[in-house]
Amino acid sequence: MQLPDLNLLIALDALLEEGSVVGAARRMHLSAPAMSRTLARIRDALGDPVFVKIGRRLVPTPRALALREQVRDSVQNAVRLLRPERDIDLATLERHFVLHANDTFSGSFGSALLDRVRQDAPRSVLRFQPESDTEPHVVLDGESDLYISAMRPLGPDIRVQQLFTTTFVGLAREDHPIFGDEITPERFASYDHISVSRRGRTVGPIDAALDALGLRRTVSLVVPSFHSGVFALGLSDLIAGLPEHVAAAAKKLGMRVRSFEIPLPLETIVVVQAWHPRWQNDPAHRWLRRVVREVCTG
């Protein structure tokens, strides 16, 4: 099947707009004879004269008049499709943004991010995806708009931008006995701990740092997320190690907890947002990335 020549659509639009071969030729940067040949091809394609000559004027046929608006809309849509998209009307943007981020991010920054989206793009929706064992693949496959997590290898083609850095702090109920004296590694290790691990692990960087000092802690409870760890503290003498911004969010919500510096050399955590190259130049995605970064650094 032979594909139609879409240039004829543009020529037909010019003819209908100008109402003359000469005017359409000038608009299309063609000679009058070349435009006449194009009109002949349009007539063959449509099976209609398109224009008939009455005196010295060309008058559109009923078929041409019926096609006028459709032709105009088709040409304008094609122009918009092929024109580089520079601006975006956020007020009318209807889009579901999928963010793959753990509860550490959504609990600490989700509310502020939602406020910005409601303010700038009220018709758009944020959808936070839960953690999974195939997290990096959501970036490699382009399944999520953004993957927000601690820095890790994601592949050479994935775009990555740093959002902020954080450190682990200790958290306990505000009247916990650990606050009664200097918090040394020995006192820190003497209390029962909560371990946060989706995979049920009881050891991590804190244990490695304690082991270097010849110390060990007792993990009495393992929970799958940092926020469940915060709520698990309750009225117990348990303590938990979690990112500083999670502890700050818990206190901001009025929870009766208190944070403290863990007396161990722990690495700083770099939190990034990552995205598939296909989204790099998408105007709506650029806006989303900017807003996420502003919320995290503001």
Residues other than LEU113 with Cβ under 13 Å of its Cβ, Lys/Arg counted +1 and Asp/Glu -1, net out at +2
Could you work out the relative contact order of region 6-60, using alpha carbon pairs under 8 angstrom and six or more residues apart, expressed as a whole percent? 30
Put +1 on the Cβ of every Lys and Arg and -1 on every Asp and Glu Cβ in region 155-298; which of VAL292, HIS245, SER220 then has its Cα farthest towards the positive end of the dipole? VAL292
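Charges only on Cβ, +1 for Lys and Arg, -1 for Asp and Glu: so what's the dipole of region 167-298 about the Cα centre, in debye to the nearest 20?
Using only the charged Cβ atoms, the result is roughly 780 debye.
Over region 171-257, what is the relative contact order in whole percent, taking alpha-carbon pairs under 8 Å and six or more residues apart? It would help to have the intermediate numbers written out before the result.
Working: 112 pairs, mean separation 35.2, N = 87.
It rounds to 40 percent for region 171-257.
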Dividing the helical contributions, -39500 (n - 2.57) per DSSP H run of n ≥ 4, by the residues of the chain yields a 222 nm value, nearest 500 deg cm²/dmol, of -13000 deg cm²/dmol
Under the rule rounded for a/c under 1.5, else prolate if a/b exceeds b/c, else oblate, using alpha carbon gyration tensor axes a ≥ b ≥ c, region 6-60 is classed as oblate
Under the definition of Cα pairs under 8 Å and six or more residues apart, what whole-number percent is the relative contact order of the chain? 20
Given charges at Cβ of Lys, Arg, Asp, Glu: the chain dipole, positive-most of PRO156, THR61, SER236: THR61
Within a Cβ distance under 14 Å of VAL59, other residues only, what is the Lys/Arg minus Asp/Glu net charge? +3
Nearest 5 percent is fine: what portion of the DSSP beta bridges confined to the chain is antiparallel? 60
I'm checking a number: the convex hull volume of the Cα atoms of the chain, normalised per residue, in Å³. What is it? 181
Accessible-area value, ILE88, 1.4 Å probe, nucleic acids and ligands omitted, Å²: 60
Where in region 155-234 are there GluC sites (Glu not before Pro) that are in a DSSP coil and have at most 15 other Cβ atoms within 10 angstrom of their Cβ? GLU174, GLU182
Subtracting the Cα-Cα distance of ASP157 and THR218 from 0.36 nm times their residue separation yields 17.7 nm
7 Å from Cα along Cα→Cβ at both ARG57 and ASP282: what's the point-to-point distance in nm? 5.1
Taking 0.36 nm per intervening residue step and subtracting the Cα-Cα distance, what contour gain separates VAL98 from VAL22 on full extension? 22.1 nm
Computed FRET value (nearest 0.05) for SER36 with LEU65, which takes r as the C-beta separation and R₀ as 30 Å: 0.90
Please give the charge dipole size of the chain, origin at the Cα centre, charges +1 on K and R Cβ atoms and -1 on D and E Cβ atoms. Round to the nearest 20 debye. 1760
Ordering ILE42, ILE10 by how much accessible area each has at a 1.4 Å probe, largest first, what is the list? ILE10, ILE42
Show me the ranking of peptides 111-120, 149-158 by mean Cβ neighbours inside 10 Å, starting with the highest. 111-120, 149-158
In nm, what is the difference between 0.36 nm times the number of residues separating ASN7 and ALA78 and their Cα-Cα distance? 24.4 nm
Output ³J(HN,Hα) for region 250-264: one whole-Hz value per residue in order, computed from phi by the Karplus curve 6.51 cos²θ - 1.76 cosθ + 1.60 with θ = phi - 60°, and x for Gly and Pro. 5, 5, 5, 7, x, 6, 7, 10, 9, 9, 8, 6, 6, x, 9
Net charge of neighbours whose Cβ lies under 14 Å from the Cβ of THR297, counting Lys and Arg as +1 and Asp and Glu as -1: +3
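The values are calculated or read from the model by the stated rules, or taken from the named source; none is laboratory data. Predicted model, so just to flag it, every value in this text is computed and none were measured. Reconstructed Cβ throughout: ideal geometry from the backbone, glycine too, with neighbour counts over all protein chains shown. Note: accessible area is taken over every heavy atom of the protein model, side chains too, but ligands, DNA and RNA are not part of it. Shrake-Rupley method; radii C 1.70, N 1.55, O 1.52, S 1.80 Å.
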